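Structure first, then comments.
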Amino acid sequence: QRNSSGEPIHDTPPHCLVVPLPATGHINPMLQFSKRLISKRIRVTLVLTRFVSKSITAAREGEFNVCLESISDGFDDGGMEAAENTRVYLDTFREVGSGALSRLIEKQSDAGEPVHCVVYDHCIPWCLDVAKKFGLVGAAFLTQSCAVDAIYNHVYQGLIRPPVTEQGILRALPGLPPLKSEDLPSLVSKFGTYPAIFGALVGQFSNIDEADWVFCNSVYELENEAADWLSKRLPKFTTIGPTVPSMYLDKRLKADVDYGFSIFKPSNELCMNWLGNKPNGSVVYVSFGSLASLGSAQMEELFWGLNNSGHYFLWVVRKTEEAKLPKNYCFNPEKGLIVSWCSQLEVLASGAVGCFVTHCGWNSTLEGLSLGVPMVAMPQWTDQPTNAKFTRDVWGMGVRAEDGENGLVMREEVERCVKEVMEGEKGVEIRRNGDKWKNVMKDAVSEGGSSDRCISQFAGSLINQVL
Ligand code: UDX
């Protein structure tokens with residue numbers, strides 16, 4: 001069937017199941033990707049675990065623009081935290097989840113909503129086996145940067161053999177700048193820490209050659225060399241990021257459709273009111289994402305570094321971290337605000353924020369780049385050291401707070417970095433780069449941009465398939 005302009009008409013759009021790992025840093029980008037697919041006339045069902053699904057329906061019902069379904073990961077009452085350790089969690093999710101995902105696909109078919117494609121988180125590659133069992137299109141979704149994926153692919157191929165502990169420079173990695181061990185993902189440089197997560201990130205490549213599409217939440221123009229290298233290794237590889245809601249990339253777009261996902265309750269009104277009377281670019285925003293956990297000695301150094309910098313600061317300290325704040329701490333509430341969670345994008349986009357002290361989680365890094373906010377990188381673990389390296393040395397978007405001899409970033413270093421970004425020449429240069437990257441990120445997902453073309457191509461191929 002074709003319309004009067006000769007374009008094919010499809011009454012029943014292709015149906016994709018999108019299956020993230022149940023963690024904020026994975027659900028957020030896959031939810032935003034789902035919304036981009038919907039804008040390309042794909043029907044999307046976001047598949048959450050039962051535990052996450054219960055938490056969000058209680059907290060944020062009605063804020064999603066995609067269909068939601070849930071499957072069991074074997075921990076319906078406590079989620080990942082309830083598992084003995086990450087390996088037990090991932091193994092159980094594979095065992096229980098394979099059956100649950102199969103049943104969901106059958107249920108959708110019985111309900112007249114047959115599934116055509118499964119987009120799955122790279123950390124749970126067994127979803128591809130399920131998709132293939134039903135003869136469906138399978139698409140891997142890589143939640144980390146191209147550079148980090150390239151490094152893990154080197155490990156998978158045996159081209160890097162961890163631990164890479166020497167302080168020397170790794171020159172031999174094509175598509176990547178020279179890297180010191182401190183620039184590598186911590187799971188590679190500190191081999192043996194978190195073996196289950198390391199296993200999942202290397203193991204993502206075990207069946208990836210069978211995937212029909214490999215999406216990476218990055219932008220070609222941001223990491224063209226690593227992306228080109230990966231494309232040679234993985235012919236189905238494409239970049240589809242940033243998965244930052246469009247309204248933050250282009251202020252002309254309406255604000256009512258794109259909400260992030262959060263299992264933490266944001267103190268948004270409080271934050272936005274507090275930010276509202278601060279001059280442009282005057283506030284240091286500090287956040288370490290949804291997982292990273294600083295020691296109390298580090299929290300104390302950070303606290304004093306922020307105070308001593310003399311700048312306004314808005315610091316996200318999750319409820320579980322609160323007890324680590326210095327005892328009897330006090331500061332002028334006009335000068336600083338500590339909240340347990342906020343809507344980070346809204347805060348970064350407020351204009352009041354002049355500097356982002358970040359752990360360099362990949363989503364936070366993309367958000368900082370997309371809004372052109374200068375960063376002070378304080379990487380903690382996994383991919384964050386590599387993201388910090390690129391933030392400072394490749395994209396010129398920040399400085400890196402260096403560890404002291406005791407392994408802590410000391411208060412003087414925090415103060416120095418904040419001042420360098422907020423007051424120094426460096427800050428001027430970073431803000432100039434910020435304007436450039438902001439446009440690069442926006443252009444990538446705007447009509448005809450590099451990521452938009454990849455998403456359109458994918459949507460088009462699914463639509464052709466159901467015609
Ligand atoms: C994890 C890993 O740590 C990270 O390195 C990996 O790349 C993705 O998975 P996380 O540590 O939570 O994620 O960091 P990040 O990737 O930055 O994601 C955090 C998300 O939470 C961001 O989208 C950020 O906007 C959001 N956030 C954070 C809030 O909405 N409010 C906050 O107060 C803090």
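In terms of modelled amide H atoms, which long-range or inter-chain residues lie less than 5 Å from the amide H of PHE313?
Hits under the 5 Å cutoff: VAL284, GLY336, LEU337.
Over the heavy atoms of TYR312, what accessible area does a 1.4 Å probe trace out, to the nearest 10 Å²?
Counting only protein heavy atoms, the figure is 60 Å².
In µm²/s, what is D for the chain at 20 °C and 1.002 mPa s, where D = kT/(6 pi eta Rh) by Stokes-Einstein and Rh is the Kirkwood radius from Cα pairs?
Using the Kirkwood radius from Cα pairs, D works out to 94 µm²/s.
What residues qualify as long-range amide H neighbours of MET410, i.e. H under 5 Å apart, gap of 5 or more or another chain, H built at 1.01 Å from N?
GLY404
With all protein chains present, calculate the accessible area of CYS67 using a 1.4 Å probe and round the result to the nearest 10 Å².
50
How high is the relative contact order of the stretch 50-140, in percent, with contacts defined as C-alpha pairs under 8 Å that are six or more residues apart?
Details: 84 pairs, mean separation 18.9, N = 91.
21 percent.
What figure, in Å² to the nearest 10, do you get for the accessible area of SER55 with a 1.4 Å probe and non-protein molecules left out?
Approximately 40 Å² for this residue.
Any lysines with Cα under 27 Å of the LYS419 Cα? List them, leaving off those in the same chain fewer than 8 positions away.
Filter leaves LYS180, LYS278, LYS324, LYS327, LYS335, LYS389, LYS436, LYS438.
Percent antiparallel among DSSP beta bridges with both residues in the chain, to the nearest 5?
Bridges in the chain that DSSP calls antiparallel: roughly 5 percent.
Using Cα-Cα distances under 8 Å and only pairs 6 or more residues apart, what relative contact order does the chain have, in percent? Mind showing how you got there, number by number?
Working: 827 pairs, mean separation 70.9, N = 467.
In percent, rounded to a whole number, it is 15.
Rounded to the nearest Å, what's the spacing between the alpha carbon centres of the stretch 344-401 and the stretch 80-131? Just the number, please.
About 32 Å separates the Cα centre of the stretch 344-401 from the one of the stretch 80-131.
By its C-alpha gyration tensor, with a ≥ b ≥ c as the square roots of the eigenvalues, how is the stretch 104-235 shaped: rounded for a/c under 1.5, else prolate for a/b larger than b/c, else oblate?
prolate
Label the stretch 366-467 by shape, choosing from rounded, prolate and oblate, from the square roots a ≥ b ≥ c of the eigenvalues of the Cα gyration tensor; if a/c is under 1.5 it is rounded, and otherwise prolate applies when a/b is larger than b/c, oblate when it is not.
It comes out oblate by the Cα gyration axes.
Under the classification rounded if a/c is under 1.5, otherwise prolate if a/b is larger than b/c and oblate if not, where does the stretch 177-312 fall, given a ≥ b ≥ c as square roots of the Cα gyration tensor eigenvalues?
Oblate shape, in that a/c is at least 1.5 and b/c is the bigger or equal ratio.
Work out, step by step, the length gained on full extension between SER456 and TYR329: first 0.36 nm times the residue separation, then minus their alpha carbon distance; give nm to one decimal.
The span from SER456 to TYR329 would gain 40.5 nm if fully extended.
The values are calculated or read from the model by the stated rules, or taken from the named source; none is laboratory data. All of these numbers come straight from a predicted model, not from anything done at the bench. Note: areas computed on protein heavy atoms with side chains; ligands, DNA, RNA excluded. Shrake-Rupley method; radii C 1.70, N 1.55, O 1.52, S 1.80 Å.
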